[in-house]
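The structure under discussion appears below in the form of structure tokens.
The values are calculated or read from the model by the stated rules, or taken from the named source; none is laboratory data. From a predicted model like this one, the values you see are computed outputs, not experimental measurements. Every residue, glycine among them, receives a Cβ derived from its backbone with ideal geometry; neighbour counts consider all protein chains shown. Note: accessible area is taken over every heavy atom of the protein model, side chains too, but ligands, DNA and RNA are not part of it. Shrake-Rupley method; radii C 1.70, N 1.55, O 1.52, S 1.80 Å.
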Amino acid sequence: MASQLPAIGIQEAYDTADISQFLRTLRRRSRTIVLFTGLAGGAALLYTLFATPQFTARGALYLGDTQQAAPGTGDSDGTVNLLAYSTQSDVETQIELLTTGTLVERAVLESGLNATLRPAGKPPLTYWRWLVFHGGNTRTFLPGPQSLQVVDATLTGRYRLEIGPNNTYKLYVNSGLFGSSKPVLTGTIGELARNADGALLVRFPAPVEDDAAPEDLSAPTAPPTALKPGLTYQLNIAPPDALADKLVNGAFSVDTGGSPTQPTKLATLQFHWSDPYQAKIFVNQMMQDYIATQLQWKTEAASVTESFVTDQISKVSQQLAQADRSLSTYQAETGIVDPQQSAQAAVTEMSELQQQRAALQLKMQALRQLHRTLATNAGTVNQFLITEADDNLLSSLGTSLAQAEVKLSQLEAEYTQNSQDVQIQEAQVAELRNSISSLIRNDMEAAAQGLTDIDNLIGTYRDQLRDQPAEALKVQSLKRNSDQLGQLYNLLTQKAEQAEISKAATIIDTRVVTPSQLPLRATSPRPVITIIAGALFGFLSSLALIFAQHGFSGRFESEEQIRRSVALPIYGAVPRQAPALTSATLQARLAGPCSFNAFSEAFQLIKRNIYRQIDPSHAAAILVISANPQDGKTTIAANLAKSLADDGKRVLLMNCDIYARRPHGLASFVGLHGLTDWVRTGIRPQLAYWPGGGFRVLPAGTTKPHRGARLDEAALAGIIDTLSNEFDYLILDSPPLPIVSDGLLLGSFADLILSVVNVSHTMRRAFELHNELIEALDKPHGLVINGADIASYGDADAYFLGTVRRPKFTGWFQIDG
């Protein structure tokens, strides 16, 4: 009595992770992995070869303190009285200043970074061109005999620059549909040229110091002095502000050593650019511009005072000269040389009052500037202005404020803003600033009152002079005016000297430690790293694709998935066949010696399970069917027939897949009468022999079924009944179900239905519907897994290769179906 095979599927658990399954999946999809890795590596190689080489220029800048002369220093006569101060520079603030858009934009214009100029027709220099034609030498980028440099360029756009006679040039821009050129600017090399849209300066580059290759003893490159007329260049000018913003956000960076809370004052400037020569110039220009800007900021107050005083000196000098001329002329006309004593005394007093009034006006100007600085919190209080205020208490408070701000800066570098020490020091600084503000307001009120009093006294003396004779009065007036202007001139000259000394006493400790040099090698692309990264990306992408397909393909991707998902008896698992054994090798193996391998043993297992299921006392019809085409059901059917025939069974393989009329395996049955001819005519065709297989074949037939035609159930029943009397096993090769419904008709005649499920091919949803339809027939039903990984059963290949071969299976077939 036949025994029922146990159902293997949902009842068994496969919850443990199996790394070997992961490795088998990778090995099965190794071609995909190699393809993706190779394509990505090749793309990375192409990117490297055609990329524009990038270079990094570096320079070091010491961010020092700003100092002025010590308090109380000056000449022996006391004419210079400057109160010094010292404030510690905040490193983070200076870094932010170094990377401000305005400063970077200034360096961009001065270095010509936004203007790209190259000879017309010369292609851009890619990485492979640089390596092949220039040997990867950065001296390639140094200015040559026909080189030009464009700086201070604000005329944005794409132009053609053509050299004319006597170092003149014309700038053309393409216009119109046909690209006609029109001139937009004419200029001379070395002179700034302008039009309504902007300006630019075309000049010869400065002499180049040979710092790129110290071992090269050749002389520095000499700049050209004239160019041959007719030379043409391509000029691209980018907006300097947009380029500056782009550099600040990427290519240009400033870093300091030390820790985030205690950075050092040594700043390293780094700049990445496609031209190493331009990169070097830009970094050096940035450092020079920062030092100049810092010095300008520190001397700004003294410069304002100096400018004001210089302007006043010029005016007073002209007025004094005119007054002297008027006095001399009038004295010569009237003969009056000296006015009366009383009038002279009044004139003298008025001159002294005018001098006092001028001093109070200068003091008032200094107090107003201090008041604006404190009111807007616009930085440190300028000590020169405090000196000009001429208030000892204010000078003392200013010194205390400078010391308190230095201490606050030190505490902020060491602690956070929430620190108690920082908050106490901030309160002390705020209190000192409030005290200074109050004192300044009082001094301003006192100065204003002093000016009013002086104006009143001057008015009184003027009234006294009105009683003098007209001629004497005019002489007195002219002499008084001359004396007043002379005293005012002396006072302004003294103040101008003090402002100049204050500017000269300002010391900027910021220094260029390491000037930028021409980079010796490109920093990008990095061929080895880029290609490895590209290959790695391709490898990881292939893994992602494989496992995404594994999880979302809708197919059974492994034997384990099939066993977990389908609660049917497993009659056998046929291993995946090597591609090298699927064509010419099959013909040799078919007629060769007996085979003993995993493939043949799989059919031995299927055959033994069939023997256990089917009663051998009568003929049995076995339906081999699948849910999808190309699942390998015809391969399974043919090799199962071969395996049964090797046991001496009479086996007939019936090709019931009448819609797929193709060659099967190693023999062609096209053109032979078969099943469709028997059904249509009732005449039995001659059965064919499978070459070397030991079993017979009933081909599909020559009659082509018309659209909508199906097998005749009654005729098919008679055919199967007839053949059952002649053969022990009828292997029915069915069309796929549910694609074609003939499988249900054939299944009704079958004693056993074997559904073929192909790993990584059979669709889950199709098999679910297939299984539901088969189960409705209420026939013995089992699975044959096709394409299983033999490695999942251990080292099977080593076993078969290392064991004495046994004549269990002669030949094997692989068939598309």
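In sequence order, the stretch 248-254 has phi-based couplings of 4, 8, x, 6, 10, 9, 10 Hz under the Karplus curve 6.51 cos²θ - 1.76 cosθ + 1.60, θ = phi - 60°, and Gly or Pro positions carry x.
The stretch between I424 and D647, if pulled fully straight at 0.36 nm per residue, gains 70.0 nm over its current Cα-Cα span.
Estimated from the Cβ-Cβ distance and a Förster radius of 41 angstrom, the FRET efficiency linking A292 and N166 is about 0.75. For V513, the residues 5 or more places off, or on other chains, whose built amide H falls under 5 Å of its own are A60, L61, Y62. A cut-off of 5 Å between modelled amide H atoms, ignoring neighbours fewer than 5 places along the same chain, links V697 with L653, A688, Y689, W690. Amide H to amide H distances under 5 Å link T762 with F556, where only residues 5 or more positions off or on other chains count and H is placed in the peptide plane. Our note on the geometry: Cα centres of the stretch 531-563 and the stretch 99-159, 47 Å apart. Dipole size of the stretch 131-208 about its Cα centre, with +1 on Lys/Arg Cβ and -1 on Asp/Glu Cβ: approximately 120 debye, rounded to the nearest 20. Sorting K122, K704 by accessible area puts them as K704, K122; the probe is 1.4 Å, largest comes first, and only protein heavy atoms count.
The phi torsions of the stretch 34-49, fed into the Karplus equation with coefficients 6.51, -1.76 and 1.60 and a -60° offset, translate into couplings of 5, 4, 5, 4, x, 5, 5, x, x, 5, 5, 5, 5, 4, 5, 5 Hz, rounded to whole numbers, with Gly and Pro shown as x. For the listed residue pairs K170/K228; K315/K495; K228/K280; K607/K779; K246/K280; K607/K642, the alpha carbons are over 20 angstrom apart in K228/K280. Each residue of the stretch 165-173 was assigned a 3J(HN,Hα) from its phi angle through the Karplus expression (A = 6.51, B = -1.76, C = 1.60, θ = phi - 60°), giving x, 6, 6, 8, 8, 10, 10, 10, 10 Hz with x at Gly and Pro. Solvent exposure of F252, expressed as accessible area, is near 10 Å², computed with a probe of 1.4 Å over the protein chains only.
Computed in the context of the full set of protein chains, the accessible area of the stretch 704-791 at 1.4 Å probe radius has 50% of its extent on carbon or sulfur. With both labels modelled 7 Å from their Cα along Cα-to-Cβ, the R27 to H618 distance reads 4.7 nm. Only protein heavy atoms count here; under a 1.4 Å probe, K495 has an accessible surface of about 40 Å².
Average accessible surface for the stretch 386-459: 53 Å² per residue, computed with a 1.4 Å probe over protein heavy atoms with every protein chain in place. Heavy-atom accessible area for W128, with the other protein chains in place and a 1.4 Å probe, reaches approximately 70 Å².
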